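Enquirer: Could you have a look at this structure, given as structure tokens, before my questions?
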Amino acid sequence: MALRAPAPMPELPEVEVTRRSFADRIAGAVIGGLHLGKPLRWPLGVEARNLSGQRVRAVRRRGKYLLLDLDDGLLLLHLGMSGSLNFAPQQPAAGPHDHMDLVTDRGTLRLHDPRRFGAVVWAPSEDSPQAQKLLDHLGVEPLAGGFDAASFHAALRQRSAPIKQVLLAGDIVVGVGNIYASEALFLAGIRPTTRASKISRPRARRLHEAIIAVLSRAVEQGGSSLRDFVSAEGKTGYFQLEAAVYGRAGQPCRVCATPIRSIVQGQRTTFFCPACQKP
Ligand SMILES: [Zn+2]
């Protein structure tokens, strides 16, 4: 049997597609029990039996957290470095890397997480300290109305760090991870090493558009492969993005044929075209 390469870390589009894969099916379901395996990143924060009999009202997303609204409080789920969620009427017996089964009358939501950086946390409300500890540093949602070009530019003006690292930090805008930051900066023609504070208003506007375009396309592509994604036995489906620069070091730029370069910024590899992307 061939060894599988480790899956890349789930980014916002994967989490959003995960949400769409089961949100409608689980909404209204009554919880029969929550079963946890090995410890995850944080403790649950409530006796699991207290969740039994509650209804799952809706599944929302904030950054890379999925928020399951219950009759009493909410569950916050995070996929960590390697997690994936699968909702199915029947699940096979839990394997060594299955660390949560949320059993409902419509099916079981299972968290598969080999590296166990994922999380399942209950909080009494989204405003509670338990939830805010996880959510309050998150920037605006890139695919929601609150993300506008003028505020984005104003926020960038306050940062002297390289733009790629400012995007990855997630406190100005959430969910622009390593792959999508490289791709958005290429689309906007901005060198990843450019200081955020030096980016002009027109370039910030282009970057704002590029972030929305890149993430929307990834969600769409994930959405269109949703069937495969859901049936993937709990393994996260990664979208075969036609990357412009990510993972293409040494290959010709799709626009100008200059070889794509890679550098390391903050321990993450960044890819860019030295001709198309200006400092
Ligand atoms: Zn180029």
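The values are calculated or read from the model by the stated rules, or taken from the named source; none is laboratory data. Being a predicted model, the structure only gives us computed values, none of them experimental. All Cβ positions, glycine included, derive from the backbone under ideal geometry; neighbour counts span all protein chains shown. When the accessible area is computed, the model is the full protein with side chains, heavy atoms only, and any ligands, DNA or RNA have been set aside. Shrake-Rupley method; radii C 1.70, N 1.55, O 1.52, S 1.80 Å.
Enquirer: Just to be sure before I move on: is LEU40 touching a Lys or Arg at 6+ places or on another chain (Cβ under 7 Å) and open to solvent by less than 10 Å² (accessible area, probe 1.4 Å) in the structure I sent? Working first, answer last.
Expert: Numbers: touching a Lys or Arg at 6+ places or on another chain (Cβ under 7 Å): yes; open to solvent by less than 10 Å² (accessible area, probe 1.4 Å): no.
Judged against the criteria, LEU40 is not a match.
Enquirer: Read through the list (1) surrounded by fewer than 20 Cβ atoms within 10 Å (Cβ to Cβ); (2) in contact (Cβ under 8 Å) with a residue 24 or more places away in the chain; (3) touching a Lys or Arg at 6+ places or on another chain (Cβ under 8 Å), then give the number of the only condition that GLN91 fails.
Expert: Unmet for GLN91, out of (1) surrounded by fewer than 20 Cβ atoms within 10 Å (Cβ to Cβ); (2) in contact (Cβ under 8 Å) with a residue 24 or more places away in the chain; (3) touching a Lys or Arg at 6+ places or on another chain (Cβ under 8 Å): (2).
Enquirer: Right, here's the next one. Tell me, yes or no, whether segment 106-116 has at least one residue that is open to solvent by 60 Å² or more (accessible area, probe 1.4 Å) and within 17 Å of VAL46 (Cβ to Cβ).
Expert: no
Enquirer: Follow-up. Would you confirm whether or not segment 138-152 contains a residue that is farther than 27 Å from ASP71 by Cα and of a type in the set (Ser, Thr, Tyr)?
Expert: Checked segment 138-152: at least one residue is farther than 27 Å from ASP71 by Cα and of a type in the set (Ser, Thr, Tyr).
Enquirer: Here's a follow-up. Does segment 68-84 contain any residue that is of a type outside the set (Lys, Arg), open to solvent by 10 Å² or more (accessible area, probe 1.4 Å) and more than 29 Å from ASP171 (Cβ to Cβ)?
Expert: Scanning segment 68-84, I find at least one residue that is of a type outside the set (Lys, Arg), open to solvent by 10 Å² or more (accessible area, probe 1.4 Å) and more than 29 Å from ASP171 (Cβ to Cβ), so the answer is yes.
Enquirer: Being crowded, with 17+ Cβ neighbours inside 10 Å and among the small types (Gly, Ala, Ser) is true for just one of ALA48, ALA58, ALA29. Which residue is that? Spell out how you get there, then give the answer.
Expert: On the way: ALA48 fails: crowded, with 17+ Cβ neighbours inside 10 Å; ALA58 fails: crowded, with 17+ Cβ neighbours inside 10 Å.
Of the residues listed, the single one that is crowded, with 17+ Cβ neighbours inside 10 Å and among the small types (Gly, Ala, Ser) is ALA29.
Enquirer: Which ones in segment 89-118 are within 23 Å of ARG49 (Cβ to Cβ) and touching an Asp or Glu at 6+ places or on another chain (Cβ under 9 Å)?
Expert: Residues satisfying the conditions are GLN91, ALA94, ASP98, HIS99, MET100, THR108, LEU109, ARG110, LEU111, ASP113.
Enquirer: Would you check if ARG41 is touching a residue at least 12 places away in the same chain (Cβ under 8 Å) and within 23 Å of the chain's Cα centre (by Cα)? Explain how you work it out, then say what you get.
Expert: Working: touching a residue at least 12 places away in the same chain (Cβ under 8 Å): yes; within 23 Å of the chain's Cα centre (by Cα): yes.
Yes; evaluated as a whole, the condition is true for this residue.
Enquirer: Turning to a different aspect of this structure: Cβ contacts < 9 Å: first residue touching a residue at least 24 places away in the same chain (Cβ under 8 Å) and closer than 17 Å to LEU168 by Cβ, restricted to segment 260-279; second residue open to solvent by less than 60 Å² (accessible area, probe 1.4 Å) and of a type in the set (Phe, Trp, Tyr), any location; separation 6+ or different chain. Result?
Expert: Pairs found: ILE263/PHE271; ILE263/PHE272; PHE271/PHE186; PHE272/PHE186; GLN277/PHE186.
Enquirer: Among strands (runs of 3 or more DSSP E) lying entirely in segment 62-116, which contain 2 or more residues that are polar (S, T, N, Q)? Step through it out loud before you land on a result.
Expert: Values: elements: 65-70, 74-78, 84-88, 98-104, 107-112.
It comes to 84-88.
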